[in-house]
1. Of all DSSP beta bridges in the chain, what percent run antiparallel (nearest 5)?
2. Rounded, prolate or oblate: pick one for the stretch 87-211, where a ≥ b ≥ c are the square roots of the eigenvalues of its C-alpha gyration tensor, a/c under 1.5 means rounded, and failing that, prolate if a/b is larger than b/c, else oblate.
3. Which far-off residues, 5 or more places away or on another chain, put their amide H under 5 Å from the one on Asn105, with H placed in the peptide plane?
4. Once the Cβ-Cβ distance between Asp7 and His95 is put in as r, and R0 is 22 Å, what FRET efficiency do you end up with, to the nearest 0.05?
5. Take every Cα-Cα pair in the chain and report what % of them are more than 33 Å apart.
6. If you plug each phi of the stretch 160-175 into the Karplus form 6.51 cos²θ - 1.76 cosθ + 1.60 with θ = phi - 60°, what whole-Hz ³J(HN,Hα) values come out, in order, with x for Gly and Pro?
7. Under a point-charge model restricted to the Cβ atoms of Lys and Arg (+1) and Asp and Glu (-1), what is the dipole moment magnitude of the chain relative to its Cα centre, in debye to the nearest 20?
8. For the chain, set up a GNM with springs between Cα atoms under 10 Å and report which of Asn167, Asn138, Asn92 has the largest fluctuation.
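What follows is calculated from the coordinates using simple rules that are stated; it is not laboratory data. None of the values given here were measured: they were computed from a predicted structure. Reconstructed Cβ throughout: ideal geometry from the backbone, glycine too, with neighbour counts over all protein chains shown.
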Amino acid sequence: MSKTSDDLLYVCEFFASIQGEGSYSGYPCFFIRLSGCNLRCCYCDTKYAFARGDSCQIKALVAAWQKSRIPLVLITGGEPLLQPAVYRLMENLLHAGATCLLETNGSLNVARVPRKVIKILDWKTPGSGEGRSFRLENLKFLSPKDQIKFVIVSRTDYEWVLNTARNHFLHNVCEVLLSPASGDVHPRELAAWMLEDRPVARMQIQLHRLLWGDRKGI
């Protein structure tokens with residue numbers, strides 16, 4: 001029987017590690033990084049995911065997650081929603097009992113993402129170079145279990161984030177995460193700004209970078 005596009009995904013890597021960001025930071029997590037991205041953010045730390053990657057059957061990815069014995073799985077990229085078969089992967093992981101997270105850049109419609117998947121939308125700031133990419137209609141598909149992440153590269157970016165969060169009442173939509181871009185904003189700098197302004201948001205730093213630096217696949 002020949003395989004169809006519904007059976008295969010192009011995958012950059014998959015591995016077990018510690019979740020480094022968001023509400024599940026610190027938990028063991030199985031990562032599935034899909035290949036390809038439609039954006040080119042200035043601070044991107046996964047440029048190696050731009051390439052096509054290796055084709056992999058969905059059932060093989062689910063089996064690899066099951067072998068890890070980790071309840072939590074994150075589908076990321078690149079931009080995972082570029083590949084239509086990702087919806088079947090999410091459904092199969094949920095059916096197998098996974099707590100499934102999806103990290104997406106917000107430039108594509110998330111309406112088809114299964115309801116039980118925890119969505120993490122990375123809303124790009126002007127300083128990222130992709131500030132016009134976010135689809136505002138995605139906000140209506142979010143719930144309190146989901147997250148919106150802003151990576152901040154400057155004070156100007158930070159102020160833009162505050163205005164955006166207020167204008168769209170994001171604290172009533174889901175959890176809001178603010179992250180300093182490595183090499184651009186020091187974590188202590190962002191912390192000081194937040195203590196001054198008291199936004200309804202959570203500061204985060206990349207725990208995996210503290211543990212392992214910029215190593216690939218961990």
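1. Beta bridges within the chain, antiparallel portion: roughly 30 percent.
2. Note, shape of the stretch 87-211 comes out prolate.
3. HN-HN under 5 Å from Asn105: Asp122.
4. 0.90
5. Looking at the chain, the distances longer than 33 Å represent 12 percent of pairs.
6. 4, 4, 4, 5, 4, 4, 5, 5, 10, 6, 4, 5, 8, 9, 6, 5
7. Taking the Cα centre of the chain as origin, the dipole is about 460 debye.
8. Asn167
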